[in-house]
Amino acid sequence: MTRAPRASLLAALALLAVPAARAEAPVSDGDRWWKHVEFLADDSLEGREPGSEGYRKAAAYVAERLAAAGVKPGAGEGYLQEVALRSRRLVEERSRLALVRGGKEVPLVLGEDAILSSRMGEAGSVDAPLVFVGYGLSIPEAGHDDLAGVDLKGKIAVILQGGPERISGALRAHHGSSTERVKALKQAGAVGFVTLQNPKLVEVPWARTAGARKQPSMEFIDPALNDEQGLAVSVTVNPARAQKLFKGAPHTFEALVALANADKPLPRFELPARLEAELAFETAPVKSANVVGVLPGSDAALAGEYVVLSAHLDHVGVGEPVKGDRIYNGAMDNASGVAAVLEVARALQASEAKPKRSVLFVLVTGEEKGLLGAKYFAAHPTVPRADLVANLNLDMFLPLTAFTHLVAYGREESTLAAPLAQVAAAHGVKVLADPQPNRRGFVRSDQYAFIREGVPALAFKFGSEPGSKEDRLYKQWYHERYHAPSDDLAQPVSREGAAKFIRLFTDLARSVADAPERPRWNEDSFFKRFARP
């Protein structure tokens, strides 16, 4: 930012003595952010898996930092909102998967050919026919229903990742979410589903995906909160082995992917095979906690309303070694986002004029296990639910470069787009649409839990122009570091880019908190139906 014309000559000379880049993004701001990342992503915290000692240390650190910044406890008398969970691990020694074709069994090797989900499915046996149902999307609002006219009773749906381009990315993502997919398939009478990854959309090499299968999933102890159960089996197939399912079928896997990539309609047909599965699980109780702080609003008429700034504190813990490293530190995913929220809390509390609405800082557990902490907070908020007016979420915002472009998930859906546009323009940042809507970024982090409770929300990542060197760098990061031990403190990041982003995020939070009217869903937004009266 430039100084006012009346600044003293001494101040002007001091400014000239500082390199221009540092004047715009003081290194001290980036260093303060990085200090938080260094603590949270240190090897000693062992990847911050919910319920672990490393996660407990991370939660204690965040609570201490909020208190030191002058932010008040936001979960009753303290900062911790306890969440009762249960871990769920597939016992592969007692589980198996096979195709049966023409009376002959063709085993599928777990980890090589396919993965049995530990997050969904039920203990016991499954033996059912397979039916390819395109994208498996049932979106009556868009005049699209892959399940219409297909007999799925007692059968297993085979689904290709993605969706038609004519349907908005947010709507595709919502109906492709686990919650909505399970609901639609249960209504159609299916007993399970098989997911086929489109090679064009794959973020993580299969070897890393296969290694992650050994980490436990988690669910709520309270069954009323579990919205992804009720199907007998869920399978993800290695794209390199997917043709095994289509042997003798009227279409090959390669041909179906080509149709999808050309955005052409997908056929639906029965596969000449059945799927047999045996599933065994081990479960154990897990206690974890969200960390919640509150900055009370300064305006008597608006202080009873709350803007929620959120980020997930957990990561995936200790897992299969990659190049000898078993600690999945989660520096970008999502120590970076937690650190940014802590810095926003510090800045807002230290400001002379406090925000008019109250601001909740919610650092949640269990995001990597299915948005569990955010779902719990959204269902059991520490303030009246009707008083939550907006959610601004950070998950892996990826400050790898200078901050010039911003992807804002959900900006087309609510009036939050207006303050975002104003603040971004003031910071010289270009706001972009979701460049990869079929990867379902709109529903893959904690903002989605708030959206389903009717709260307008946005989530953010650094953006780039298609084909640029920055675009190539982000793609390389996903391939090499996403959910890998190499997402650690040794990777290159832009502290100056992070500092500039934090200033923008702080200004956006203040703009939303100070606005005369609370944000609302756009009249034509599908998600307006979740709004509470």
Reported set for the stretch 246-263 where residues are in a loop (DSSP other than H, G, I, E, B) and either within 17 Å of GLN197 (Cα to Cα) or within 26 Å of the chain's Cα centre (by Cα) (or both) is HIS251, THR252, ALA262, ASP263
When the stretch 498-521 is checked residue by residue, the ones that are open to solvent by less than 40 Å² (accessible area, probe 1.4 Å), in a loop (DSSP other than H, G, I, E, B) and in contact with a strand residue (DSSP E or B) (Cβ under 6 Å, 6 or more places away or on another chain) are PRO519
Considering residues that are more than 30 Å from ARG481 (Cβ to Cβ) and open to solvent by 20 Å² or more (accessible area, probe 1.4 Å), the number found within the stretch 298-318 is 9
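Select, from ALA262, ALA255, ALA280, the only residue that is touching a residue at least 40 places away in the same chain (Cβ under 8 Å), of a type in the set (Gly, Ala, Ser) and open to solvent by less than 80 Å² (accessible area, probe 1.4 Å). So that I can check it myself, show each step before the final result.
Working: ALA262 fails: touching a residue at least 40 places away in the same chain (Cβ under 8 Å); ALA255 fails: touching a residue at least 40 places away in the same chain (Cβ under 8 Å).
Result: ALA280 is the single residue among ALA262, ALA255, ALA280 that is touching a residue at least 40 places away in the same chain (Cβ under 8 Å), of a type in the set (Gly, Ala, Ser) and open to solvent by less than 80 Å² (accessible area, probe 1.4 Å).
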Reported set for the stretch 138-180 where residues are open to solvent by 30 Å² or more (accessible area, probe 1.4 Å) and under 21 Å from the mean Cα position of the chain (by Cα) is GLN161, SER168, SER178
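Please find, within the stretch 38-52, the residue that is farthest from the chain's Cα centre (by Cα) out of those that are within 18 Å of ASP488 (Cα to Cα) and surrounded by 24 or more Cβ atoms within 10 Å (Cβ to Cβ).
Going through the qualifying residues, I end up with LEU45.
For every residue, the table says whether it meets (1) open to solvent by less than 40 Å² (accessible area, probe 1.4 Å); (2) in contact with a Cys (Cβ under 7 Å, 6 or more places away or on another chain); (3) part of a loop (DSSP other than H, G, I, E, B).
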position	(1), (2), (3)
VAL389	yes, no, no
MET396	yes, no, yes
GLY428	no, no, yes
ASP434	no, no, yes
VAL455	yes, no, yes
TYR474	yes, no, no
GLN491	yes, no, yes
GLU496	no, no, no
Taking the stretch 397-423 and keeping residues of a type in the set (A, V, I, L, M) and within 20 Å of ARG520 (Cβ to Cβ) leaves ALA408, LEU416, ALA417, ALA418, LEU420, ALA421, VAL423
Given (1) within 23 Å of the chain's Cα centre (by Cα); (2) more than 23 Å from ALA498 (Cβ to Cβ), LYS356 misses just (1)
How many residues of the stretch 309-337 are more than 29 Å from SER511 (Cα to Cα) and of a type in the set (S, T, N, Q)? The answer is 1
Reported set for the stretch 264-282 where residues are of a type in the set (D, E, K, R) and outside any loop (DSSP other than H, G, I, E, B) is GLU270, ARG274, GLU276, GLU278, GLU282
Expected output for the stretch 283-303 (first residue closer than 14 Å to ALA75 by Cβ and among the polar types (S, T, N, Q), partner at pLDDT 95 or above and in a strand (DSSP E or B), Cβ below 7 Å, 6+ apart or cross-chain) is SER288/VAL83; SER288/LEU85; ASN290/GLN81; ASN290/VAL83; ASN290/VAL362; ASN290/LEU363; ASN290/VAL364
Going through the stretch 265-277 in order, the residues found to be open to solvent by less than 50 Å² (accessible area, probe 1.4 Å) and under 12 Å from GLY134 (Cα atoms) are LEU266, PRO267, PHE269
Residue pairs qualifying under the 9 Å Cβ cut-off, at least six apart or on distinct chains, with the first in the stretch 447-473 being over 20 Å from ASP524 (Cβ atoms) and the second being of a type in the set (Asp, Glu) and assigned to a helix (DSSP H, G or I), are PHE462/GLU470; GLY463/GLU470; GLY463/ASP471; SER464/GLU470; SER464/ASP471; GLU465/ASP471
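Could you check, for the stretch 249-265, whether at least one of its residues is among the charged types (D, E, K, R) and in contact with a strand residue (DSSP E or B) (Cβ under 9 Å, 6 or more places away or on another chain)? Please lay out each step first, then the result.
So in the stretch 249-265, the residues among the charged types (D, E, K, R) come out as 254, 263-264.
Okay, now just the ones that are also in contact with a strand residue (DSSP E or B) (Cβ under 9 Å, 6 or more places away or on another chain), so none.
No, the stretch 249-265 has no match at all.
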Of PHE527, PHE460, the only residue that is among the aromatic types (Phe, Trp, Tyr) and in a helix (DSSP H, G or I) is PHE527
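Hey, does the stretch 73-94 have a residue that's within 30 Å of LEU40 (Cα to Cα) and without any contact (Cβ under 8 Å) to a residue 60 or more places away in the chain? Step through it out loud before you land on a result.
Start the filter on the stretch 73-94 by keeping residues that are within 30 Å of LEU40 (Cα to Cα), which leaves 73-90.
This time we only want the ones that are without any contact (Cβ under 8 Å) to a residue 60 or more places away in the chain, so: 77-78.
The answer is yes; a qualifying residue exists.
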Taking the criterion of being open to solvent by less than 10 Å² (accessible area, probe 1.4 Å), at pLDDT 95 or above and among the aromatic types (Phe, Trp, Tyr), would at least one residue in the stretch 346-361 satisfy it? yes
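The values are calculated or read from the model by the stated rules, or taken from the named source; none is laboratory data. Note that the structure is predicted; figures quoted are calculated from it, not measured. So basically every Cβ, Gly included, is an ideal-geometry build from the backbone, and we count neighbours across all protein chains shown. For the accessible areas, the whole protein counts, side chains as well, though only heavy atoms, and no ligand, DNA or RNA atoms are used. Shrake-Rupley method; radii C 1.70, N 1.55, O 1.52, S 1.80 Å.
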